[in-house]
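Down below is the structure, laid out as structure tokens.
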Amino acid sequence: MAGEFFKETVRRCWRQAVYWGVGMGLLGLYIMVVIRDVDMLKQYAELMATMPPALLQAFGIADAAAMATPEGFISFGFYGYALLILAVFAVMMGMSVTANEEDDGVLDVVLSLPVPRWRVVVEKFLAFALIGAAITVIAFGGLLLGMQMSELRVEVGRLALSTLNMVPPLLLMIALTVFCGAIFRRRTTALAAAAVVIVASYFINFLGAAAAGSLADSLRAVSFFAYYDSESVMRSGLNAGNIALLLAATAALVAGSVWAFQRRDIGV
Amino acid sequence: MVQSDPIIQTENLTKVYTSRRSQTRALDRLNLSVQPGEIFGYLGPNGAGKTTTIRLLLDLIRPTAGRARIFGLDAQAHAVEIHRRVGFLPGELSLWRSLTGLQVIRHIANVRGMRDLRCAHQLAERLQLDLSKRVRDYSSGNRRKLGLVIAMMHEPELLILDEPTNGLDPLMQQEFNQMMREVRAEGRTVFLSSHVLGEVQAICDRVGILREGELRAVERVERLTHVDFRWVEMRFREDVPAAWRERLGDISGVSEVSIDGTTLRVRLQGDFDPLLRAVSGGYIRDLRVKEPTLEEIFLTFYDGDGKRAAQPERVKELA
């Protein structure tokens, strides 16, 4: 029956959305309440200004003065780290699409059912995409709750857009892990491959931002973290080009996963 | 017997696993036909290629050469249609450990588009399986039972079972045998791999014997138990002369001569007459002929010299 793998995956994993979402929400709430007012924020920005500019740029802070604004602070304190946390979630969920079940042998039962392989991949990917999106929604709730408990004020629309901005790279990381699982038969190989690509992507962006004109800087275009850019989204809204690029890469990886998974032997 | 279109047919089905260091020919030019309504036993030791065959039939792995057809459909091109009509029990069954037996059944029934779970409940009851337990809490035998329920609950036309009674207690094995007979009585087909020869002897119509990826023989079970050799035991009035050992050993078809006082035991292949003539000087009190067990026949297929194993014309004739 169409949609059964989607429904079953959501039914089995919705608690994960709650746990991860609450965890992320608590982080958001903490970031909101740790700096109680604008004066404290200014002191924090002055402290940051003493740090090397390259280091600040590495963390996506173009200007230390931006840290004196609630938007800049939240962008750095929450959205910068949130994506790294979500990367862990994305790899875990991406592995659950085929790699884990293949390694456990469950896939033998699944693929003996009257269902094409592509449907298993696509439906489970969509289910984890939904769960990932739900995590960002719950995290957004934590940020809003934190704002009620703090004197910091940020436009809710900006917070919402910045939260929405986390979804495309999250989907990309899930799709990347699914792709690795579809190519490699062994779970450990798939896990290592996905982790290496994500970590390498992060460091290319990190080092490239810190050292303008360097090799890492010229390689930033291949790092998906470069298209996340939470600070500019908080400042001036979503970048449609970045989002389209990330979503297109996600779609290509899912299509590649289906193609690879359709053609290879299962669990040998 | 009128032969109808085979349910399973393979043509030169070959699977070679390639790694950087080596190539392993897991299955070599398998030509096999399984007829509708029969229980076909697929025998062979571990590593013979039984599971590889099954995984190729189910399109879990792809052939290096040759092809398989099920219900007349190409196993690869029409996998979804075939899977709709097939029930499968893997040799090493893994299921979602956090789900209960009933949740697993519901999920699989939903994928199959089944609404009615009565058959699943009846099977579970018959196999004395508690469906409220989580998979992780099942013993290996109960997990096997759950696998059987999953394989059979949609009453498929073809059951493909890989070592189905592994882990089942003797009573449940009896129940399983009865279930397979009922499946056959309904005109459905069973393809089961096994190394439990008693099970094959009890329920199978035909047996295929596989070794090192090659199909060595396909026989009807009753024919298999009547082929080639038997054990002959004679009890004489006087002690059997030791010189007979050499004399009998020279007779064509006689082997494994053992003498124990008045008792002579030989393995006889072919006619009785030369043996009886050779012992005609003695007074025979008792003579017993024992058919070889399937296990002995099985071991014969796998003997070191491979004489019995190399009979391709028989495979061609009976496949």
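We did not get these values from a lab; they are worked out from the coordinates using the rules stated. None of these values were measured; they are calculated from a predicted model. We place every Cβ from the backbone using ideal geometry, glycine too, and count neighbours over all the protein chains shown.
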Cβ neighbours within 10 Å from other chains - mean over B:106-113: 5
How would you rank B:253-260, A:191-198, highest first, on the average number of other Cβ atoms within 10 Å across their residues? A:191-198, B:253-260
At a Cα cut-off below 18 Å, give the aspartates and glutamates reachable from A:K7, other chains included and same-chain residues fewer than 8 away excluded. A:E101, A:E123
Amide H of B:S193 versus every other amide H placed in the peptide plane: which residues, excluding those fewer than 5 positions away on the same chain, fall under 5 Å? B:Y42, B:L161, B:D162, B:E163
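Would you mind giving the three semi-axes, in whole Å and largest first, of the ellipsoid equivalent to the range A:15-101 according to its Cα gyration tensor?
One finds semi-axes of 32, 16, 7 Å for the range A:15-101.
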What number, in percent, do you get for the relative contact order of chain A if the mean sequence gap of Cα pairs under 8 Å and at least 6 apart is divided by its residue count? 29
Along the range B:20-31, what does the Karplus equation 6.51 cos²θ - 1.76 cosθ + 1.60 (θ = phi - 60°) give for ³J(HN,Hα), rounded to whole Hz, x for Gly and Pro? 4, 8, 8, 10, 10, 8, 6, 8, 10, 6, 7, 10
Between B:R216 and residues 5 or more places away or on another chain, the pairs with built amide H atoms under 5 Å apart involve B:I209, B:L210, B:R211
Helix A:187-210 axis, angle to chain A major axis (alpha carbon atoms, nearest 10°): 20
For B:K50, go through the aspartates and glutamates and keep the ones whose alpha-carbon is under 12 Å away, minus same-chain ones fewer than eight residues off. B:D28, B:D162, B:E163, B:E212, B:E214
With r defined as the distance between the Cβ atoms of A:R186 and A:A244 and R0 fixed at 30 Å, what FRET efficiency is calculated, to the nearest 0.05? 0.30
B:S19 versus B:R115: modelled label distance in nm, points set 7 Å from Cα along the beta carbon direction: 5.0
Phi-derived 3J(HN,Hα) across the range B:273-286 with the Karplus relation (6.51, -1.76, 1.60, θ = phi - 60°), rounded Hz, x for Gly and Pro, is 3, x, 5, 5, 5, 5, 9, 5, x, x, 9, 8, 8, 8
Distance histogram in 5 Å bins (all Cα pairs of chain A, percent per bin): 1, 6, 12, 16, 17, 15, 12, 9, 6, 4, 2, 1, 0
Among A:P52, A:V258, A:W20, flag the residue with its Cα farthest along the positive direction of the charge dipole of chain A, charges on Cβ as +1 for Lys/Arg and -1 for Asp/Glu. A:V258
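Calculated from DSSP H runs of 4 or more alone, at -39500 (n - 2.57) each and per residue, what is the 222 nm mean residue ellipticity of chain A, nearest 500?
Working: 14 runs with 200 residues, N = 268.
The helix contribution divided over chain A gives -24000 deg cm²/dmol.
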Would you mind computing, in nm to one decimal, how far apart the modelled labels at B:R223 and B:A77 are, each placed 7 Å from Cα along Cα→Cβ? 3.2
Please give the Cα centre distance for the range A:182-244 versus the range A:89-126, rounded to the nearest Å. 26
Per the 1/(1 + (r/R0)^6) rule, R0 = 30 Å and r from the Cβ atoms of A:M40 and A:L130, FRET efficiency to 0.05 is 0.20
Residue-ordered couplings for the range A:93-101, obtained by feeding phi - 60° into the Karplus form 6.51 cos²θ - 1.76 cosθ + 1.60 and rounding to whole Hz (Gly and Pro as x), are 6, x, 5, 7, 6, 9, 4, 5, 5
Averaged over the residues of A:8-20, the number of partner chain Cβ atoms within 10 Å of each residue's own Cβ comes to 1
Taking N as the number of residues in the range B:229-291, what is its alpha-carbon radius of gyration divided by 2.2 N^0.38 Å? 0.97
When the gyration tensor of the protein assembly as shown is built from Cα positions, what are the square roots of 5 times its three eigenvalues, in whole Å, from largest to smallest? 68, 24, 20
Mean separation of Cα contacts under 8 Å (at least 6 apart) over the residue count of the range B:55-139, i.e. the relative contact order in percent, is 24
Which cross-chain or sequence-distant (5 or more) residues have an amide H under 5 Å from the amide H of B:L27, H modelled 1.01 Å from N in plane? B:K15
